[in-house]
Structures are given as structure tokens and as C-alpha cells.
Amino acid sequence: MRNKLFILLTASTLVLGGCATSSVDTEDTNEENIETSEGSSIGDEGEELDIDDTEVESDDVSDDDSASEDEAGEEDYSSQIKAEVDEVVASSSSLTDEINGICDLYEKYENLRMDGETQVEMDSLSINLLYVWQAETESLLDRIKEADGSQYETIYATYTDWEQYVDDISEKMAYEYEGGSIQGMIITTYSAERYRNEAVKLAEKLAVINGESDFEAPDFGIVGYYGSYDSFDTCVICTEGMESGSYSLLICIKGKEDIQAYFTAESNDFGSYEFTNDDGSIKGTISLKSGAGMQITEAPDEYSDLIGTGFVFDEVY
């Protein structure tokens, strides 16, 4: 996902077009001619008036028949995306190729979203990012069930337990955008990334079942939610910062007020990052990979009992 500064600048420069409407006097409405069928109408005296048939062409109709419109009149790409995911699956020589192909498909719809002319359009198009990875997870689950039904029951139960927390986690991750006009779009993007991470885990399981020992997952970086997905009491959230190469941290520790901190992409010799909060009163180190390990090294009195304590968080969700 592009950094937040680019998203915010893009959102702030969008101009939403309006459309003029004309008012209708309610008393005059009853005196209007009543249209009865194509090609004719009834006048005030009851006589039938001829109206020339006119063929109207709309510039709003897409040339792509695979994208339909939903009830709101917006293009719905869900069926198209499902077909494209199936095509990637069918044409891939391995699960590694498949995941990379789905990443390319995701990028296609990310570019479509970024090409939106208004913020409203970009918001609407962001749902396609979620559709891509949801379709892939469903495909992987189906193949796991077909390949090994006994393992599927356990895998699917874990999946459904995880899935019910996706919205909560994504909303929690969008804390910096709370109340903003692009909050919904950011939440949808984070939800798509949660399904992306889950798809990789399912692909790893299917690779084991299929005997694909050379499966290799893409490196999605360190952005994510670290901690138990059924509780926000103790977790770490890492998101991209406002400046390129910077990251934001939300550190949640049970019984303490949440800590907002920041760090740059440059790690130290031990592969961890040195973070600090806004006023520099809280400092520490954190490592972020498949899981998170954190230690606070400097803090004011209310956090002093945490100094030197090591925190370990579950793998990224």
C-alpha cells in the first residue's frame, strides 16, 4: 500500500463534482402531461400526441461486459475477480506462482482504485482489493477440503474463528484515520491485507498436503497487527508512517494507556528497530517479522514498571 502521505494528499486534492437540480412546483405537477407509453402521450384535452422515437446512446456503459452494476449503479467486479482468480489458479505451475499471480491481480485493482477521479470513486473501488484475497482464500479452502478432508475440518474451524475478528482488527489498525473522510477506504484495505496474510497461511498448509516443499511466500513487510486476534488488551499495531521509510506503532498493554510511537525503517545490528513516542519520554526496541518482540528501555513513572520487561506477540494477522 502506498504510504499515508500520498493517500492523504490524493484525498485532499480531489474535487467532488455536483449536479444541478431543478425544483418542481407541486401545484403544476398535477397539470403535467401524463406519459403512457413509448412513442405517445396524452395531452390536456385527452388527444394522443405522436412522439418521434429517438435512439439514445449512453457514454456511461462500460465496454467490459464482465463488470456488472450493483443496486447503487456502481460497477461490481466481484464475479469478474472470481473468474480471474480461478484463471490464475488454473494457469499456475505451483502455489508459489499462484500467490505471486494473485499479488499481480491485487495490484491491477489497486491501480484501478488509484485512478479514481474522486474520493467517493476511490472508496467504492477499494472493495475490489478485498474481493481478490477473499476469492483466493475460498479457493484454497476448497482445495484443502478436496485434498485432505480430515485436516480441513480443523483448518476451517480455525479460519472461521479468525474471520469474525477481521473487521475489528482492521478498524483498530485505522486508528490514525478515525473520523476522517478516508477512514472507510483504509479499513477496507487493511481487511484485504488480513485476508492476504490468511491466504498465504492456507497456501502453506496446502503446500504441505501436496508435498510442495519449495513453497515460498512473498515478503509483505512489517506492517500488520501483532497479537491475539480475539483481544486488543495486549498487542502491537505497525502501520506505514506519513513520511517514506517511517512507521507508526500503537502499543497496547493491558492496564496501561495505549502508547503511540514511531520509528524509521533502518534497523540496528540485531534486526530490531528503536522507537520513541512523540515527546521522547518513552523509548524502546522492537523486532517485527512473523511475530513481534518488544522491550521498553526508557519511560516515565506510569510506565516505569515495564522497563526491561520483554513482550512477545503472536505472528502478524
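Where a number appears in this text, it was derived from the coordinates with a stated rule and is not lab data. Bear in mind that the values here come from a model prediction, so they are computed numbers and not experimental data. Ideal geometry is used to build each Cβ from the backbone, glycine not excepted, and the neighbour counts take in all protein chains shown.
Taking 24 Å as the limit for the C-alpha separation, the pairs K201/K256; K201/K283; K82/K289; K82/K108; K201/K289; K108/K289 exceed it in the case of K201/K256; K201/K283; K82/K289; K108/K289.
Taking θ as phi - 60° and the Karplus parameters 6.51, -1.76 and 1.60, the scalar couplings of the stretch 163-176 work out to 4, 5, 9, 4, 4, 5, 5, 5, 5, 5, 5, 8, 4, 6 Hz in sequence order, x denoting glycine and proline. When +1 charges are put on Lys and Arg Cβ atoms and -1 charges on Asp and Glu Cβ atoms, the dipole computed for the stretch 77-210 relative to its Cα centre reaches about 220 debye.
Ranking request for peptides 258-267, 117-126, 130-139: highest mean number of other beta-carbon atoms within 10 Å first, then the rest in descending order.
Numbers: 258-267: 15.5, 117-126: 17.6, 130-139: 23.0.
Descending packing order for the listed peptides: 130-139, 117-126, 258-267.
Modelled spin labels at N268 and D168, positioned 7 Å past Cα toward Cβ, are 3.4 nm from each other. If you take all other residues with their beta carbon under 14 Å from the beta carbon of T154, and give Lys and Arg +1 and Asp and Glu -1, the sum is 0. Cut-off 19 Å, label point 7 angstrom out along Cα-to-Cβ of E212: give me the residues of the stretch 80-99 whose amide nitrogen falls inside. Counting backbone N atoms under 19 Å from the label point, the list is 82-99.
Alpha-carbon geometry of the stretch 257-302: the Rg and the Dmax are 10.8, 32 Å, given in that order. Each Lys or Arg adds one and each Asp or Glu subtracts one; over the other residues with Cβ under 10 Å from the Cβ of S170, this totals -2. Along the Cα→Cβ direction, 7 angstrom out, place labels at E117 and S246. What is the inter-label distance in nm? It is 3.5 nm.
Taken along its principal axes, the alpha carbon cloud of the stretch 224-312 reaches lengths of 32, 30, 25 Å, longest axis first. Extension gain, D258-T158: 0.36 nm per intervening residue step, less the Cα-Cα distance, totals 33.1 nm.
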